[in-house]
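**Q** Just passing along the structure, written as structure tokens.
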Amino acid sequence: MHSGEQAGKAEALRRLHQGPRILVLPNVWDVASARVVVAAGFEALATSSAGVAFALGYPDGERITREEMADAVRRIVERVPVPVTADMEAGYGRTPEAAAETARAVIDAGAVGMNLEDAPRDEEGTLLDAALQADRVRAAREAGEAAGVPLVVNARTDVFLRQIGAPETRLAHAVRRLNQYRAAGAGSLFAPGVTDAATIAALVREVEGPLNILAGAGCPPVKELEEMGVRRLSVGSGAMRATLGLVRRIADELRGPGTYTALLDGAIPFAEVNRLLGG
């Protein structure tokens, strides 16, 4: 991809975070899922790191290498016309230099945004030091600037997801972290693990940048989130896991009654998939 075209897509992705419409991202994991989502009319795509890992036979948690993840992103980017932001987990290393290297891999793959988590691999109940994470966000942004691509870093805190600290302290803790990441240059701020409307509304008020929420059980519907001021909604690995759930239902039905209801209901016709992937 020409650097000017990539920079334009990065700016387009950044504008999609500015409202008033919410940016909804049904996270994808391969070219086929990406083409289906684009055909449905979505203006940008996000990958799911867990979805990509699962599809390639790995568990989540940076068991897949940076190179394999970037290769999966590249294959998607090459087959869709819209901006793509890549979930790169915790950046494949704790240092700012590692975050910068990951950002360069994202840009080389043709993507124009990246997720960067503050939760280290295999350390449940802990987060990276907030100042270190801010330095990592800054390093990723600077790597994009050096490449001529204004990379949109979606800085994620796992305060809620990992249930860090007493429940009554988590909102203030998450706000402090997200605002620190925003000051370091994050284009959007991600707080997965929050689904209740009151906490989401408080985050919208107190976080000083576009807020990303993860869809899940109990989460308000898209229109309500938009009216609350949420600027980005992701589904994470949800769509991929839902697909695996369908595969399991098909398998159970074939092993049980031997009928084909799950196999046939809602399936995209063969010819349509062929057309979808033929362009």
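The values are calculated or read from the model by the stated rules, or taken from the named source; none is laboratory data. Owing to the predicted nature of the structure, the values given are computational and were not obtained by experimental measurement. Heads up, the Cβs are rebuilt from the backbone with ideal geometry, glycines too, and the neighbour counts pull from every protein chain shown.
**Q** What number of residues within the stretch 114-134 satisfy the criterion of being in contact with a helix residue (DSSP H, G or I) (Cβ under 8 Å, 6 or more places away or on another chain) and either surrounded by 24 or more Cβ atoms within 10 Å (Cβ to Cβ) or small (G, A, S) (or both)?
**A** Residues meeting the conditions: 8.
**Q** I need the full set of residues from the stretch 151-183 which are among the hydroxyl-bearing types (S, T, Y) and within 11 Å of A130 (Cβ to Cβ), in order please.
**A** Filtering the stretch 151-183 for residues among the hydroxyl-bearing types (S, T, Y) gives 157, 169, 181.
Selection gives T157, Y181.
**Q** Name every residue in the stretch 115-130 that is assigned to a loop (DSSP other than H, G, I, E, B) and either at negative phi or in contact (Cβ under 8 Å) with a residue 40 or more places away in the chain (or both), in order of residue number.
**A** The answer is D118, A119, P120, R121, D122, E123, E124, T126, L127, L128, D129.
**Q** Pairs only if they're at least six apart or on different chains, beta carbon under 9 angstrom, first in the stretch 95-114 and closer than 18 Å to G187 by Cα, second acidic (D, E) and surrounded by 21 or more Cβ atoms within 10 Å (Cβ to Cβ); list them, first residue then second.
**A** Close Cβ pairs satisfying both conditions: T102/E89; M114/D87.
**Q** Can you tell me which residue within the stretch 8-54, out of those that are assigned to a loop (DSSP other than H, G, I, E, B) and among the polar types (S, T, N, Q), is nearest to G91 (Cα to Cα)?
**A** S48
**Q** Something else now. Of all residues in the stretch 51-75 being among the acidic types (D, E) and touching a residue at least 40 places away in the same chain (Cβ under 8 Å), which is surrounded by the most Cβ atoms within 10 Å (Cβ to Cβ)? First the steps, then the outcome.
**A** Narrowing the stretch 51-75 to residues among the acidic types (D, E): 60, 62, 67-68, 71.
Still in the running and touching a residue at least 40 places away in the same chain (Cβ under 8 Å): 60, 62.
Details: D60: 16, E62: 21.
Out of the qualifying residues, it is E62.
**Q** To continue, here is another question. Within the stretch 172-216, how many residues turn out to be surrounded by fewer than 20 Cβ atoms within 10 Å (Cβ to Cβ), part of a helix (DSSP H, G or I) and either modelled with pLDDT under 95 or of a type in the set (V, I, T) (or both)?
**A** Adding up the residues that qualify gives 2.
**Q** How many residues does the stretch 221-264 contain that are part of a loop (DSSP other than H, G, I, E, B) and either farther than 22 Å from R21 by Cα or in contact (Cβ under 8 Å) with a residue 24 or more places away in the chain (or both)?
**A** Final tally of qualifying residues: 11.
**Q** Taking T195, is it among the hydroxyl-bearing types (S, T, Y), within 18 Å of the chain's Cα centre (by Cα) and farther than 26 Å from T102 by Cα? First the steps, then the outcome.
**A** Working: among the hydroxyl-bearing types (S, T, Y): yes; within 18 Å of the chain's Cα centre (by Cα): yes; farther than 26 Å from T102 by Cα: yes.
Answer is yes for this residue.
**Q** Checking the condition touching a strand residue (DSSP E or B) at 6+ places or on another chain (Cβ under 9 Å), of a type in the set (S, T, N, Q) and over 19 Å from L16 (Cα atoms), which residue from T102, T47, T85 passes? Let's see the steps before the verdict.
**A** Values: T47 fails: over 19 Å from L16 (Cα atoms); T85 fails: over 19 Å from L16 (Cα atoms).
Exactly one of T102, T47, T85 is touching a strand residue (DSSP E or B) at 6+ places or on another chain (Cβ under 9 Å), of a type in the set (S, T, N, Q) and over 19 Å from L16 (Cα atoms), namely T102.
**Q** Please find, among G61, G57, G91, G110, the residue that is in contact with a strand residue (DSSP E or B) (Cβ under 6 Å, 6 or more places away or on another chain) and on the phi > 0 side of the Ramachandran plot. Break it down into steps so the answer makes sense when it comes.
**A** Numbers: G61 fails: in contact with a strand residue (DSSP E or B) (Cβ under 6 Å, 6 or more places away or on another chain); G57 fails: in contact with a strand residue (DSSP E or B) (Cβ under 6 Å, 6 or more places away or on another chain); G110 fails: in contact with a strand residue (DSSP E or B) (Cβ under 6 Å, 6 or more places away or on another chain).
Just a single option satisfies the conditions, and that option is G91.
**Q** Another one. Going by the structure shown, is E11 over 18 Å from L276 (Cα atoms), of a type in the set (D, E) and either surrounded by fewer than 18 Cβ atoms within 10 Å (Cβ to Cβ) or under 14 Å from the mean Cα position of the chain (by Cα) (or both)?
**A** Values: over 18 Å from L276 (Cα atoms): yes; of a type in the set (D, E): yes; either surrounded by fewer than 18 Cβ atoms within 10 Å (Cβ to Cβ) or under 14 Å from the mean Cα position of the chain (by Cα) (or both): yes.
Considered against the rule, which asks whether it is over 18 Å from L276 (Cα atoms), of a type in the set (D, E) and either surrounded by fewer than 18 Cβ atoms within 10 Å (Cβ to Cβ) or under 14 Å from the mean Cα position of the chain (by Cα) (or both), E11 comes out as yes.
**Q** Would you mind stating whether Q163 is under 21 Å from the mean Cα position of the chain (by Cα), in a helix (DSSP H, G or I) and more than 28 Å from R75 (Cβ to Cβ)?
**A** no
**Q** Here's something else I'd like to know. For A111, state whether it is surrounded by 22 or more Cβ atoms within 10 Å (Cβ to Cβ) and part of a loop (DSSP other than H, G, I, E, B). First the steps, then the outcome.
**A** Working: surrounded by 22 or more Cβ atoms within 10 Å (Cβ to Cβ): yes; part of a loop (DSSP other than H, G, I, E, B): yes.
Yes, satisfied.
**Q** Of everything in the stretch 229-245, what is of a type outside the set (K, R) and touching a Leu at 6+ places or on another chain (Cβ under 9 Å)? Give them in sequence order.
**A** G229, V230, L233, S234, V235, G236, G238
**Q** Could you run through the stretch 132-153 and say how many residues are out of contact with any Leu (no Cβ under 7 Å at 6 or more places or on another chain) and either within 15 Å of A90 (Cα to Cα) or not in a helix (DSSP H, G or I) (or both)?
**A** Qualifying residue count for the region: 11.
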